[in-house]
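The values are calculated or read from the model by the stated rules, or taken from the named source; none is laboratory data. Here the structure is a predicted model, which means the values were calculated and not measured. Here the Cβ positions follow ideal geometry from the backbone for every residue, glycine too, while neighbour counts run over all protein chains shown.
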Ligand code: HEC
Ligand code: HEC
């Protein structure tokens, strides 16, 4: 073993002076730089669960970053986005209830005005290309403009919101840190909100564990039976592991005469689309009462009774609900019991308790 010894040349005075100045310069440059360097930002990975279809959202065009996500989350929970300063996105989209408005048939927003539609869940938005019950928007980035400018929801204007954010120095800094071209403007504002929503993936229910053969995914007899019934009788429309094929259909609800909501026809202008609504995802459905576009059913039992006894005929009723032996879907008591057990399988406790998405 060699002993420790230092045999390099010793610096003379001139070299030491030189070294001193070099070190001082390095120090000055780096110390000085620190103030100007933007905060360290990191790209977030959007992990597509193995049992999910492909992503629809264009991640390349707006790659989620840690600071963009945090900014989006702050915006999501900020009442500033509304005219009265109190109604945030999170006011109607509550995490405990898979980001729906708990206990509200219709959501009320500024001035306690009521809307006409029930608040859908926000989860797995990156896998969809049409949003709202009638598909009013086909890009997630553009969606927030609807609630912000809707007079019964947030009652603001985009200019109004952006001006409030410009006046806030903390927001200015956060925009600058989150984006390369970091101005406080509508584009970055919408991108930040999307980054937050794109990360909100719900894929850890017992059902997912079962499908992916993971621990905790063993089904009881009634759950397994419910899954089979669901696959036979419901999965044509509530398809894939998102539990929707993303189409607009009339499932035979009797139209509500007070609201006269024609659904998809409002967007397309075509009578062939009358009373068609987006097939909703059933993820976390046991948490998201009340049900249907107008929240008319308070329980899943009522939904099942509707499918067996309540379907009404009309020109746009989906063909699959019109059978030789009658309208709707026949379900025995045992099948209903199975389906109710199946619904519970879709509850994702990890998602509703995920601190990344929590207000506090
Ligand atoms: C006053 C309650 C309310 C507020 C506030 C609100 N929403 Fe919504 N949200 C709704 C309702 C109701 C719908 C369904 C709208 C429709 O179908 O016409 C909806 C639909 C959505 C959807 C579409 C979901 C889907 O599956 O198609 C997204 C995304 C969304 N909201 C995000 C937001 C964001 C972001 C904000 C804040 C900028 C926000 N919401 C504020 C009630 C609200
Ligand atoms: C023909 C397509 C179709 C079939 C088949 C179908 N559904 Fe639906 N389902 C829809 C549509 C469309 C809606 C939304 C209708 C609306 O709100 O106007 C819906 C809504 C629901 C809702 C309410 C979800 C929410 O968030 O409000 C539940 C629960 C549901 N369906 C369960 C089932 C079950 C269980 C079956 C099988 C017994 C089934 N569906 C069969 C198309 C279908």
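Of the numbered criteria (1) surrounded by fewer than 20 Cβ atoms within 10 Å (Cβ to Cβ); (2) within 16 Å of ligand 1 (Cβ to nearest atom), the one residue 263 fails is (1).
Within the range 142-158, being under 26 Å from residue 58 (Cα atoms) and surrounded by fewer than 19 Cβ atoms within 10 Å (Cβ to Cβ) holds for 142, 145, 146, 149, 158. Scanning the range 86-98 for residues that are within 8 Å of ligand 1 (Cβ to nearest atom), out of contact with any helix residue (DSSP H, G or I) (no Cβ under 7 Å at 6 or more places or on another chain) and without any contact (Cβ under 8 Å) to a residue 60 or more places away in the chain gives 91, 93.
Being modelled with pLDDT of 95 or more and more than 19 Å from the chain's Cα centre (by Cα) holds for only one residue in 306, 357, and it is 306.
Within the range 315-339, being surrounded by 15 or more Cβ atoms within 10 Å (Cβ to Cβ) and part of a loop (DSSP other than H, G, I, E, B) holds for 316, 318, 328, 329, 331.
Here is the figure for the range 296-309: residues that are in a loop (DSSP other than H, G, I, E, B) and within 8 Å of ligand 2 (Cβ to nearest atom) total 0.
When you check residue 245 against the structure, is it surrounded by 17 or more Cβ atoms within 10 Å (Cβ to Cβ) and assigned to a loop (DSSP other than H, G, I, E, B), yes or no? No; evaluated as a whole, the condition is false for this residue. Scan the range 157-183 for residues that are under 25 Å from residue 64 (Cβ atoms) and within 16 Å of ligand 1 (Cβ to nearest atom) and jot them down. Within the range 157-183, 158, 161, 162, 164, 165, 171 qualify.
If you go through the range 144-170 and pick out every residue that is assigned to a helix (DSSP H, G or I), under 18 Å from residue 86 (Cβ atoms) and in contact with a helix residue (DSSP H, G or I) (Cβ under 8 Å, 6 or more places away or on another chain), you end up with 6.
Just one of the listed residues (326, 295) is in the same structural domain as residue 345 (by TED's automatic domain parsing) and either away from ligand 1 (no atom under 16 Å from the Cβ) or more than 23 Å from the chain's Cα centre (by Cα) (or both), and it is 326.
The set of residues in the range 304-318 being touching a strand residue (DSSP E or B) at 6+ places or on another chain (Cβ under 8 Å) and within 14 Å of residue 238 (Cα to Cα) consists of 318 alone.
Return yes when residue 101 is in contact with a strand residue (DSSP E or B) (Cβ under 7 Å, 6 or more places away or on another chain), free of Cβ contacts under 8 Å to residues at least 24 places away in the same chain and on the phi < 0 side of the Ramachandran plot and no when it is not. Here the answer is yes, as residue 101 does meet what is asked. In this structure, does residue 312 turn out to be away from ligand 1 (no atom under 16 Å from the Cβ), at pLDDT 95 or above, out of contact with any helix residue (DSSP H, G or I) (no Cβ under 8 Å at 6 or more places or on another chain) and not in a helix (DSSP H, G or I)? So residue 312 fits the description; yes. Restricting attention to the range 97-125, report how many residues are away from ligand 2 (no atom under 15 Å from the Cβ), part of a loop (DSSP other than H, G, I, E, B) and surrounded by fewer than 20 Cβ atoms within 10 Å (Cβ to Cβ). Going through the range 97-125 one residue at a time, the tally reaches 1. In the range 276-293, of all residues being within 7 Å of ligand 2 (Cβ to nearest atom) and part of a loop (DSSP other than H, G, I, E, B), the one that is farthest from residue 344 (Cα to Cα) corresponds to 293.
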